[in-house]
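Shown below is the structure under consideration.
Values quoted throughout were computed directly from the atomic coordinates according to the rules given, and no laboratory measurement underlies them. Because the structure is predicted, anything quoted here is derived from the model rather than measured. Here the Cβ positions follow ideal geometry from the backbone for every residue, glycine too, while neighbour counts run over all protein chains shown.
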Amino acid sequence: MDSGKVRELKEFIASCKSNPSLLHTPSLSFFKSYLLSLGARIPPQPKTEPVDDENYDDILEESDIEFDTTDVVRPDNDPPQKMGNPSAQVTEDQRDAAQLAKSKALDAVSQGKLDQALDLLTEAILLNPHSAILYATRASVFVMLKKPNAAIRDANTALKINPDSAKGYKTRGLSRAMLGLWTEALSDLHVASKIDYDEEIGMALKKVEPNAHKIEEHRRKCERLRKQKEQKRAQPKKQPKDEAQDKDTLSALKDGQVIGIHSVGELETKLSAASKTSRLAILYFTATWCGPCRYISPLYTSLAEKYQKVVFLKVDIDEAVDVAARWKVNSVPTFFFVKNGKEIDSVVGADKNTLERKIAQYSSPF
């Protein structure tokens with residue numbers, strides 16, 4: 001092994017010793033799996049503290065996603081390969097010589113002599129720098145050598161010469177997948193499959209699509225959280241005065257109790273308080289001489305105790321004639337259901353089952 005790579009490996013091992021949690025990094029899952037296959041013991045991943053929603057931007061990164069990184073390689077940082085002169089004039093003899101060099105290169109590939117194939121394809125490119133297929137073919141050899149950056153340079157040149165080069169899109173897609181650029185790889189492979197589908201593209205798509213879909217789902221999640229955060233920030237913060245008023249409003253609603261109403265002004269105050277707190281209000285019209293009212297009133301009181309977040313109001317039509325007239329009460333008992341200041345339903349008569357069913361229905365937040 002190259003001495004430089006050995007030195008890098010030693011530095012990596014030293015980093016893992018000082019910080020074992022590195023082994024839980026998603027991009028190192030292949031190394032973790034290898035260690036486990038040898039019987040190694042991996043320290044458990046340290047628990048993280050709960051994160052404040054306000055700081056979600058700091059943690060929702062793509063590095064947190066579990067990818068299949070089986071075929072991912074380290075980026076190649078070799079000096080750029082030789083490229084042809086795009087403005088050069090190419091003779092017929094040069095085209096023939098380039099084609100011959102390409103044929104020899106393909107023979108070398110079939111024999112596993114990839115470095116020799118690269119030399120021959122470079123020779124062909126220098127002879128005929130206007131051929132997209134020569135660049136795309138050399139890119140495919142770089143893919144075989146696990147040199148994705150070099151392959152991408154050639155694929156980009158091929159696509160610049162011929163924007164419809166299926167091999168250009170294919171080699172660039174395969175190279176981007178090697179670098180873990182899942183979304184970009186998926187885009188290239190989809191284009192390549194539409195131009196000229198083959199089995200290799202199909203196999204690559206099966207590996208790339210799940211990772212690309214994870215990124216897309218992750219980004220949708222981030223977008224939802226960002227919108228929630230913006231909505232939260234857009235809501236005006238309550239001032240101490242507003243909070244005091246809210247407390248007064250809640251105390252005036254008397255949770256779990258039936259509130260007697262004796263005037264139009266008193267009713268409007270209670271209905272306004274119910275609206276401010278987004279509560280359902282029930283307006284019960286009764287009379288002392290009403291037999292069914294005497295039957296339903298104890299149930300109404302027990303329902304107030306059961307549904308403590310509902311505002312239960314009670315009006316005697318003989319005491320508060322103006323209230324009964326405004327609500328056009330023709331018979332008792334009558335129950336009006338009010339939400340956000342608007343009548344949404346009513347029950348006429350002492351039908352206890354319908355009354356409770358509608359209370360349960362309209363008091364639900366959904």
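If you add up the charges near residue 320, with Lys and Arg at +1 and Asp and Glu at -1, over every other residue whose beta carbon is less than 11 angstrom from its beta carbon, what do you get? Could the numbers behind the result be given before it?
Numbers: positive: 314, 326; negative: 266, 316, 318, 319, 322.
Local net charge: -3.
By how many degrees, 0 to 90 and rounded to 10, does the Cα axis of helix 92-110 deviate from the longest principal axis of the chain?
Approximately 70 degrees, to the nearest ten.
Between 0 and 90 degrees, rounded to the nearest ten: what's the tilt of helix 240-253 against the longest Cα principal axis of the chain?
The helix 240-253 is inclined about 50 degrees to the chain.
Return the long-range amide H neighbours of residue 345 (sequence gap of 5 or more, or a different chain), with a cut-off of under 5 Å between placed amide H atoms.
337
Next up: Output the Cα-based Rg and Dmax of the chain in Å, rounding Rg to one decimal and Dmax to a whole number.
Calculated on Cα positions, Rg and Dmax stand at 37.6, 116 Å.
For the range 271-366, which trypsin sites (Lys or Arg not before Pro) pass both filters: DSSP loop (anything but H, G, I, E, B) and at most 13 other C-beta atoms within 10 Å? Before the final figure, lay out each step's value.
On the way: sites: 276, 279, 294, 306, 309, 314, 326, 328, 339, 342, 352, 357, 358; in loops: 279, 309, 328.
Hits after loop and neighbour filter: 309, 328.
Relative contact order of the chain: what whole-number percent is it, with Cα pairs under 8 angstrom and at least 6 residues apart?
Worked out over the chain, it gives 10 percent.
Considering Cα pairs under 8 angstrom that are at least six residues apart, work out the relative contact order of the range 242-363 and quote it in whole percent.
Working: 193 pairs, mean separation 39.2, N = 122.
RCO, the range 242-363: 32 percent.
Using helices alone, what [θ] at 222 nm do you get for the chain, with -39,500 (n - 2.57) per DSSP H run of 4 or more residues, divided over all residues and rounded to the nearest 500?
Numbers: 14 runs with 210 residues, N = 366.
It lands at -19000 deg cm²/dmol.
Report for the chain the percent antiparallel among DSSP-assigned beta bridges with both residues inside it, nearest 5. If you can, show how the numbers build up before the last one.
On the way: 11 of 21 bridges.
Roughly 50 percent of the beta bridges in the chain run antiparallel, per DSSP.
Using only Cα atoms, find the angle between the long axis of helix 182-196 and the longest principal axis of the chain, and express it within 0 to 90 degrees, rounded to the nearest 10.
Between the helix axis and the principal axis of the chain, the angle is about 60 degrees.
Now, a different point. If pairing requires two Cys Cβ atoms under 4.7 Å apart, which cysteines of the chain are left without a partner?
16, 222
Using every Cα-Cα pair within the range 242-363, state what percent have a distance larger than 24 Å.
20 percent
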